[in-house]
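A.B. asks: One structure follows; several queries about it will come next.
The values are calculated or read from the model by the stated rules, or taken from the named source; none is laboratory data. Treat the numbers as computed from the prediction; the structure is a model and nothing was measured. Here the Cβ is made from the backbone with ideal geometry for all residues, glycine too, and neighbour counts use every protein chain on show. Ligands, DNA and RNA are excluded from the accessible area calculation, which covers all protein heavy atoms including side chains. Shrake-Rupley method; radii C 1.70, N 1.55, O 1.52, S 1.80 Å.
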Amino acid sequence: MRSIDDLDVHGRRVLVRVDFNVPLSENPDGTQAVADDTRIVAALPTIEELRARGARLILVSHLGRPKGERVQSLSMAPVAARLAELTGGDVTLAPDVVGPRVAELADALGDGQILLLENVRFEAGEAKNAPELVRALADLADLYVNDAFGTAHRAHASTTGVAHLLPSAAGRLLEREVNTLTGILDQKSVV
């Protein structure tokens, strides 16, 4: 299994599939906030290591089940705000998943900067692993890192599809989960 140790990320745009499918709560003013940031915190080792190595991060995740439609209550905006707090850096929320404006934002990233794409499940092509969405996501980046163990089994555009078009590796969270499971299976085979 290739890990981020195997990638030269400095100055390169890295599309990172994260699992930011977190519960949200409503604030008194009607806005939403992240109710439990456990999944965001779990992705921080990969995010921070890539930032420290000069990567230009483009994060992609789903949130809820909008079924290919834009559902404002499932926007990644609260996630972007919480991620900015946790990293102490600026996190730009893209207005869409793909498209000309998203491509401009990705191209403008500096070393260590973070762009969070809007909810990938706003795109009907995500669950279908649609070639046009796969290509559009791959065109945003130079490299691909999967750090979303909870979605790695899905043949979706942001997991399987992109991994076939870009040099790919596992992030720290995915690497740890696979190594843990491998260790458990190895122990069982010895018994």
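A.B. asks: Can you report the number of residues in region 1-11 which are part of a strand (DSSP E or B) and either at pLDDT 95 or above or acidic (D, E) (or both)?
C.D. replies: Here is the first cut: in region 1-11, the residues part of a strand (DSSP E or B) are 3.
Keeping just the survivors that are either at pLDDT 95 or above or acidic (D, E) (or both) gives none.
Of the residues in region 1-11, 0 are part of a strand (DSSP E or B) and either at pLDDT 95 or above or acidic (D, E) (or both).
Rundown of residues vs (1) crowded, with 21+ Cβ neighbours inside 10 Å; (2) in contact with a helix residue (DSSP H, G or I) (Cβ under 6 Å, 6 or more places away or on another chain); (3) among the polar types (S, T, N, Q), yes/no style:
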residue	(1), (2), (3)
D6	no, no, no
R12	no, no, no
F20	yes, yes, no
N27	no, no, yes
Q32	no, yes, yes
T46	yes, yes, yes
E49	no, no, no
R53	no, no, no
R56	yes, no, no
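A.B. asks: Find all pairs meeting these conditions: Cβ atoms under 7 angstrom apart; at least six residues apart or on different chains; first residue within region 43-56 and on the phi > 0 side of the Ramachandran plot; second residue outside any helix (DSSP H, G or I) and open to solvent by less than 70 Å² (accessible area, probe 1.4 Å).
C.D. replies: Between residues of region 43-56 that are on the phi > 0 side of the Ramachandran plot and residues that are outside any helix (DSSP H, G or I) and open to solvent by less than 70 Å² (accessible area, probe 1.4 Å), the close pairs are G54/V9; G54/G11; G54/G112.
A.B. asks: Follow-up. Looking only at strands (runs of 3 or more DSSP E) that lie completely in region 12-124, which have at least 3 residues being over 14 Å from the mean Cα position of the chain (by Cα)?
C.D. replies: Working: elements: 13-17, 24-26, 32-34, 56-60, 91-93, 114-116.
Fully inside region 12-124 and qualifying: 24-26, 32-34.
A.B. asks: Of everything in region 84-115, what is among the hydrophobic types (A, V, I, L, M, F, W, C) and without any contact (Cβ under 8 Å) to a residue 60 or more places away in the chain? Give them in sequence order.
C.D. replies: A84, L86, V91, L93, A94, V97, V98, V102, A103, L105, A108, L115
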